[in-house]
Amino acid sequence: MAYTKWFNCVICLIATIVTLGDTTIAPTIKLNNGLDIPVIGLGTWKSRGGDVVQAVKDAIDAGYRHIDTAWIYQNEKEVGEGIKAKIDEGVVKREDLFIVTKLYNTFHKPEDVEPAINQSLSALGLDYLDLYLMHTPMDFQKIVNTNLPVDKTGQAIPAGVDFVDTWNAMEKVYRKGLTKSIGVSNFNKRQIEKILEKGSVVPVTNQVECHPYLNQKKLAEFCKSKGITLTAYSPLGSADRPWAKPDDPKLLDDPNLKKIADKYKKSAAQIVLRYLVQSGYIAIPKSVNKGRIQENINIFDFELTPEDMKYVDSFDRNGRIFKFDWGSKHQYYPFNDEY
Ligand SMILES: NC(=O)c1ccc[n+]([C@@H]2O[C@H](COP(=O)([O-])OP(=O)(O)OC[C@H]3O[C@@H](n4cnc5c(N)ncnc54)[C@H](OP(=O)(O)O)[C@@H]3O)[C@@H](O)[C@H]2O)c1
Ligand SMILES: *[C@@H]1O[C@H](CO)[C@@H](O)[C@H](O)[C@H]1NC(C)=O
């Protein structure tokens with residue numbers, strides 16, 4: 001009896017040490033509303049079913065405290081299951097976590113915003129979000145059986161809603177406490193200026209595609225001057241995006257990146273994530289693989305030299321992966337401006 005107890009205790013201790021060994025809590029940066037956001041978060045686009053439940057659990061065990069999802073990813077329920085499991089196990093408390101989801105393009109009408117956030121909250125099993133983002137400035141008409149309503153030319157059909165009106169409705173759910181902060185995604189400089197001019201809450205972040213092939217220096221500098229952080233989506237080059245072609249350049253296979261990785265004895269993914277975080281960005285790499293989930297947050301035990309930072313800066317090549325071709329004629333298409 002005493003022996004069993006002692007033995008269990010040792011097993012427990014070993015398990016704890018092993019767990020601690022694989023745990024990295026990411027540093028945070030302060031948002032303009034005083035909230036702290038962990039600079040590495042788990043991306044969940046394309047992560048489905050049991051895979052994403054497990055990924056969220058593995059991520060929390062690995063030390064992730066920031067999870068990024070969206071209504072359109074159709075996995076809020078599973079993300080919520082993973083969160084609930086780790087709260088129930090006592091690994092984390094709700095207030096330790098930073099949970100982000102996004103208002104989809106079909107819910108831009110002001111009267112649709114509160115029902116939309118409530119739907120996301122109920123799928124996630126939460127009573128508040130840490131951050132609610134407008135997924136894009138482009139509004140869509142609601143059409144049954146499709147989330148991408150297009151006309152004969154393949155162009156998205158707008159509902160005619162000004163994104164400032166959508167933003168004002170987001171401000172209301174923010175004031176009601178349904179989310180602790182609000183922000184935007186896929187916005188260009190002019191669109192952010194319009195929000196700053198006509199809105200009353202400054203977005204805490206602009207979540208945009210950002211990686212060494214599209215380093216977003218100018219947009220980030222503009223955002224910073226307004227107290228807005230930049231969150232880097234598809235930080236690893238989104239190799240699993242559905243429209244990837246075999247001949248498309250693969251960021252993580254870049255031989256110059258591999259050279260730096262060898263120098264620091266880190267992986268190409270770790271160099272990229274370290275580069276983004278050291279640039280002052282927040283990054284949200286997606287993985288459903290436990291080893292890679294751990295790898296992607298294990299970037300706080302080394303630093304890139306200023307020379308290597310400059311070298312990675314030089315990889316920039318206007319390498320935008322997300323062009324939203326279906327929106328190129330939309331009045332709020334964000335990517336016709338330089339940034
Ligand atoms: N706001 C927006 O419009 C928007 C758009 C796109 C993305 N996002 C957000 O940003 C997140 C990240 O972007 P993303 O999913 O497009 O792509 P990503 O994170 O750049 O790359 C994901 C791909 O990289 C692989 N991977 C992950 N870690 C790796 C590692 N250490 N070494 C090698 N391969 C690795 C993943 O495979 P495994 O899963 O098998 O590891 C997956 O194939 C999304 O999941 C989503 O949350 C937002
Ligand atoms: C959204 O949820 C909040 C909190 O539960 C509730 O007070 C509010 O009435 C709900 N709004 C709508 C439109 O369902």
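The values are calculated or read from the model by the stated rules, or taken from the named source; none is laboratory data. Computed from a prediction, not measured in an experiment: that's the story for all the values here. Neighbour counts are summed over all protein chains in view; Cβ atoms, including those assigned to glycine, are modelled from backbone coordinates with ideal geometry. The protein model used for the area step is the full one, side chains on, heavy atoms only, and it has no ligands, DNA or RNA in it. Shrake-Rupley method; radii C 1.70, N 1.55, O 1.52, S 1.80 Å.
From Cα pairs below 8 angstrom and at least 6 apart in sequence, can you work out the relative contact order of the chain, rounded to a whole percent? Before the final figure, lay out the partial values.
Working: 579 pairs, mean separation 63.5, N = 339.
For the chain, the relative contact order is 19 percent.
What base-10 log of the normalised intensity I(q)/I(0) is obtained for the range 296-339 from the Debye formula, alpha carbons as equal point scatterers, at q = 0.21, 0.24, 0.33 Å⁻¹?
For the requested q values the scattering log ratios are -0.80, -0.89, -1.15.
So for Arg320, Arg190, what's the accessible-area order with a 1.4 Å probe, most first?
Details: Arg320 50, Arg190 150 Å².
Ranked list, largest accessible area first: Arg190, Arg320.
Report Ser225's accessible area, 1.4 Å probe, all protein chains in place, as a number in Å² to the nearest 10.
About 90 Å², rounded to the nearest 10.
Mind scanning Lys86/Lys323; Lys30/Lys57; Lys189/Lys265; Lys109/Lys218 and naming the pairs with a C-alpha gap bigger than 27 Å?
Numbers: Lys86/Lys323 36 Å; Lys30/Lys57 25 Å; Lys189/Lys265 38 Å; Lys109/Lys218 31 Å.
Too far apart for the 27 Å limit: Lys86/Lys323; Lys189/Lys265; Lys109/Lys218.
Go ahead and set up a Gaussian network model of the chain, Cα springs under 10 Å, then flag whichever of Pro246, Pro255, Pro137 fluctuates most.
Sorting by GNM fluctuation, first place goes to Pro246.
From the C-alpha coordinates alone, can you work out the Kirkwood hydrodynamic radius of the range 18-135, in Å? Can you show the working numbers first?
On the way: mean 1/r = 0.0685 Å⁻¹.
That comes to 14.6 Å for the range 18-135.
Determine the sum of side-chain charges near Tyr73: Lys and Arg each +1, Asp and Glu each -1, restricted to other residues whose C-beta is under 15 angstrom from that of Tyr73.
Working: positive: Lys46, Arg48, Lys77, Lys102, Arg241, Lys286; negative: Asp51, Asp68, Glu76, Glu78, Glu81, Asp240.
Every neighbour counted, the sum reads 0.
When the expected Rg is taken as 2.2 N^0.38 Å, what fraction or multiple of it is the alpha-carbon Rg of the range 2-327? Let's see the in-between values first.
On the way: Rg = 20.3 Å, N = 326, 2.2 N^0.38 = 19.8 Å.
In units of the 2.2 N^0.38 Å rule of thumb, it is 1.02.
Between Val161, Val113, Val204, where does the largest GNM mean-square fluctuation fall for the chain, given springs only between Cα atoms within less than 10 Å?
Among Val161, Val113, Val204, the largest mean-square fluctuation in the Gaussian network model of the chain belongs to Val161.
Could you tell me what percent of the DSSP beta bridges with both partners in the chain are antiparallel, to the nearest 5? Please report the intermediate quantities before stating the final value.
Values: 6 of 30 bridges.
So the antiparallel bridges amount to about 20 percent of the total.
Evaluate the charge dipole of the chain about its Cα centre and quote only its size in Debye, nearest 20, assuming +1 on the Cβ of each Lys and Arg and -1 on the Cβ of each Asp and Glu. Walk me through the intermediate numbers first.
Working: 44 positive and 43 negative charges, 29 e Å.
Magnitude of the dipole: close to 140 debye.
Using only DSSP helix segments of four residues or longer, with each worth -39500 (n - 2.57), what per-residue ellipticity at 222 nm results for the chain after dividing by its residue count and rounding to 500? Please report the intermediate quantities before stating the final value.
On the way: 11 runs with 131 residues, N = 339.
For the chain, the value works out to -12000 deg cm²/dmol.
What is the range 34-176's relative contact order, in percent, from Cα pairs under 8 angstrom and six or more apart in sequence?
Values: 212 pairs, mean separation 30.0, N = 143.
Reported relative contact order: 21 percent.
For the range 126-196, evaluate the Debye formula with one uniform point scatterer on each Cα (no solvent term) and list log10 I(q)/I(0) at q = 0.17, 0.20, 0.29 Å⁻¹, rounded to two decimals.
-0.74, -0.93, -1.23
So if I restrict to the alpha-carbon atoms in the range 196-315, what is the Rg, and what is Dmax, the biggest pairwise distance, in Å?
Reported Rg and Dmax, both Å: 15.2, 49.
Show me the ranking of peptides 305-311, 115-121 by mean Cβ neighbours inside 10 Å, starting with the highest. Numbers along the way, then the final one.
Numbers: 305-311: 12.1, 115-121: 18.7.
Final packing ranking: 115-121, 305-311.
Rolling a 1.4 Å sphere over the protein heavy atoms, what is the accessible area per residue of the range 2-327, to the nearest Å²? Could the numbers behind the result be given before it?
Numbers: 14960 Å² over 326 residues.
On a per-residue basis, the range 2-327 sits at 46 Å².
Could you tell me which residue out of Gln119, Val39, Asn336 lies farthest along the dipole of the chain toward its positive end? Charges go on the beta carbon: Lys and Arg +1, Asp and Glu -1, centred on the Cα centre.
Asn336
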